Amino acid sequence: MPQSPKSRIDIVRVYFQEIDEGRFPHQLFTSDFEFYFPKFGVGRGLAEFGELAAGMIASGNKVGHCHDSFSFIEADRHVVVEGATRGTTSEGTAWKGGDTPGGRFSSIFDFDREGLIERMFVYLDPDYAGADKARFYWRREKPSW
């Protein structure tokens, strides 16, 4: 059954809600979906996504999405979402996208003809707390995040 643009955006919203509650909504994805996450690289399918999730859990970071920050663009069978995350690092440093150096993201979701997600690429800086000070090349007095 083809999906309307509204329902594709709703599917993406459900994905983020489920992820933030600690569940992966596999029913929204094709069995061989492709994904990208910084520092992980490109993966395919549920088993490799499980590897990504295990690494995230092992990091000790607590991450959630700021759902009220989401902005969507829908074109053809693609949905792009821009938004912010919030959380704490394993050391206890808090961040919130827009208030701290890390935390903003963009994700691109591609859907197949049946309305399942076949590709999801996530773009963000995984240095949520801005600890990688050596790569803050611009020594701005009061940067706006």
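The values are calculated or read from the model by the stated rules, or taken from the named source; none is laboratory data. Since the model is a prediction, treat every value here as computed from it, not as a measurement. As a convention, Cβ positions derive from the backbone with ideal geometry for all residues, glycine included, and neighbour counts pool all protein chains shown.
Structure data summary
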quantity: Residue in the range 98-105 that is modelled with pLDDT of 95 or more and part of a strand (DSSP E or B) present; calculated: yes
quantity: Scan of the range 1-12 for residues that are loosely packed, with under 15 Cβ neighbours inside 10 Å and either among the basic types (Lys, Arg) or modelled with pLDDT of 95 or more (or both), ordered by number; calculated: LYS6, ASP10
quantity: Qualifying residue in the range 85-108 (condition: polar (S, T, N, Q), in contact (Cβ under 8 Å) with a residue 12 or more places away in the chain, over 27 Å from ASP10 (Cα atoms) and in contact with a helix residue (DSSP H, G or I) (Cβ under 9 Å, 6 or more places away or on another chain)); calculated: yes
quantity: Qualifying residues in the range 106-145 (those that are of a type in the set (A, V, I, L, M, F, W, C) and in a loop (DSSP other than H, G, I, E, B)) - the one nearest to SER69 (Cα to Cα); calculated: TRP145
quantity: Odd one out for ASN61 among (1) in contact with a helix residue (DSSP H, G or I) (Cβ under 9 Å, 6 or more places away or on another chain); (2) in contact (Cβ under 8 Å) with a residue 60 or more places away in the chain; calculated: (1)
quantity: Residue that is over 18 Å from TYR36 (Cβ atoms), modelled with pLDDT of 90 or more and of a type in the set (Asp, Glu), where the choices are ASP125, ASP68, ASP132, ASP110; calculated: ASP68
quantity: Selection count where residues are over 17 Å from the mean Cα position of the chain (by Cα), at pLDDT 95 or above and either closer than 14 Å to TRP145 by Cα or hydroxyl-bearing (Ser, Thr, Tyr) (or both), scope the range 71-92; calculated: 0
